[in-house]
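Laboratory data are not the source of any read-out in this text; all were calculated from the coordinates shown. Note that this is a predicted model, so its numbers are computed, not measured. No Cβ is skipped: glycine too gets one built from the backbone with ideal geometry, and neighbour counts run over all protein chains shown.
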Amino acid sequence: MNDWLTLREAAALCGLSTKTLERRITDGTLTARMVHHGKRPVRQVWRPSLDVYANLPQPQTPTSTPHGQIAPTNPNSPMQLTQPILDTLRQEHADTRTELRALQEELAATRAALACLSAQLAAPPWWLRAFRRLSTRRPAG
């Protein structure tokens, strides 16, 4: 039995795309090599490194899943393992947006209070206004 398969043969064996296998090779999950077939280089995958993927069922297209949910195909699939993390991140995102809205409302209220206080500071003090009023009155008589 040949221990090396072409990328297309490996993809057919695992039920994955060649692009997916190339990503697995890039991230080091699969062992591969380049050999020359005539003048053309061909990428080959080491068969024992495919054992993890060869037992996976064929991916199923989800029929009706809620937005953002992943249809379970294998409990050990990377997508299934990351679902709790995604759910946690979505909840944290929603909480952060709620907190942001509350902070924006608080900022608007603070700006309104600052504008009111600035207007009060711009006006002359009460005693100066009273003094001016008294000094502009003409004496009766």
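Things to note:
- Taking a Cβ cut-off of under 15 Å around Pro41, the surrounding Lys, Arg, Asp and Glu residues balance to a net charge of +4, with basic ones at +1 and acidic ones at -1.
- Computing FRET efficiency as 1/(1 + (r/R0)^6) for Ala108 and Ile85, where r is the C-beta to C-beta distance and R0 is 41 Å, gives about 0.75.
- For Leu30, the residues 5 or more places off, or on other chains, whose built amide H falls under 5 Å of its own are Ile25.
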